[in-house]
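For reference, the structure is listed below as C-alpha cells.
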Amino acid sequence: MRFLSMVHSYSTLLLVYWCVRYNFSVPGLIPILVVNAVLSFVLAAHISSRKRRCTVPVEGELVLSEVREIPDSPSYGRGGKIQWVHDVWRYRWGDDVCFVEDTIPPLVGWFGPLVGIRRSGTIWVDPSRLPYTLYRGALTPDWIYHLRFYYATAALCLLLAAITAVTCVGRLT
C-alpha cells in the first residue's frame, strides 16, 4: 500500500498539471482521472478497515522522522526529487516495546507539518494481530490526515474529470 500511496500522490500532481496545462481539453484524461479517484477511494477504504480493527488506544512516541528519497532519482525541474516522509513510532504492548512505521504521501507534507502531530500521540493497535507486524498491527496518530487526503484527492480528480468532460463537449458543439 505504501507504493500505491506514493504513486497516487505523484499521479494526482501530474494529472492536475496536465489538466491546467492543456486547458481541460484532452478527453483522454477523463478515464485516467476517474481511475485515480477510484484509487483514492481504495486507499481510504484500506485505512477505514484498519481503523475498524485497531480498537485499543496506546500512547506512542515518535522515535524517527526523516525525509527519504529514491537513490539516483532523476531531478524534475529545479532540484525536485521523488521523496516522502518516513516515521517510526514506539509504543508499549504489555511487557513488550513495539514499533510501527508510517509513510506520509508526498503531497500531504507540502503545506507544512501536520497540525497536532507531536513527539507523542495515540497509536491505535489491533488486538487480534501480533504486535510485531510493522504495518498492519497499528495505526499511527496521523491516520486521519491520510484519510482526509485520499477523500480530497478523489473529489479533486472527479471535479477535474467533470470540468474536462464539459469543456470537451462544449468544443464539439
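The values are calculated or read from the model by the stated rules, or taken from the named source; none is laboratory data. Because the structure is a prediction, the values reported are computed rather than measured. Neighbour counts run over all protein chains shown; Cβ positions are idealised from the backbone, glycine included. Side chains included, ligands, DNA and RNA excluded: accessible areas come from the protein's heavy atoms. Shrake-Rupley method; radii C 1.70, N 1.55, O 1.52, S 1.80 Å.
Summed over the stretch 152-173, residues that are of a type outside the set (A, V, I, L, M), within 19 Å of the chain's Cα centre (by Cα) and at pLDDT below 95 total 1. For the stretch 3-31, which residues satisfy the criterion of being more than 20 Å from residue 106 (Cα to Cα) and among the β-branched types (Val, Ile, Thr)? Once the filter is applied, which keeps residues that are more than 20 Å from residue 106 (Cα to Cα) and among the β-branched types (Val, Ile, Thr), the stretch 3-31 yields 20, 26, 30.
For residues that are hydroxyl-bearing (Ser, Thr, Tyr) and in a helix (DSSP H, G or I), scanning just the stretch 159-173, find the one that is most open to solvent (accessible area, probe 1.4 Å). Among residues in the stretch 159-173 that are hydroxyl-bearing (Ser, Thr, Tyr) and in a helix (DSSP H, G or I), the one most open to solvent (accessible area, probe 1.4 Å) is 167. If you go through the stretch 11-38 and pick out every residue that is modelled with pLDDT under 95, of a type outside the set (A, V, I, L, M, F, W, C) and surrounded by 12 or more Cβ atoms within 10 Å (Cβ to Cβ), you end up with 5.
Just checking, which of 63, 100, 67 is surrounded by fewer than 13 Cβ atoms within 10 Å (Cβ to Cβ), at pLDDT 85 or above and either within 30 Å of residue 17 (Cβ to Cβ) or among the β-branched types (Val, Ile, Thr) (or both)? Quick ask: steps written out before the conclusion?
On the way: 100 fails: surrounded by fewer than 13 Cβ atoms within 10 Å (Cβ to Cβ); 67 fails: at pLDDT 85 or above.
Only one candidate qualifies: 63.
Note on the stretch 112-133: residues that are more than 14 Å from the chain's Cα centre (by Cα) and at pLDDT below 75 total 10. Is it fair to say residue 55 is touching a residue at least 40 places away in the same chain (Cβ under 8 Å), surrounded by 15 or more Cβ atoms within 10 Å (Cβ to Cβ) and not hydrophobic (A, V, I, L, M, F, W, C)? Taking the combined requirement at face value, the residue does not satisfy it.
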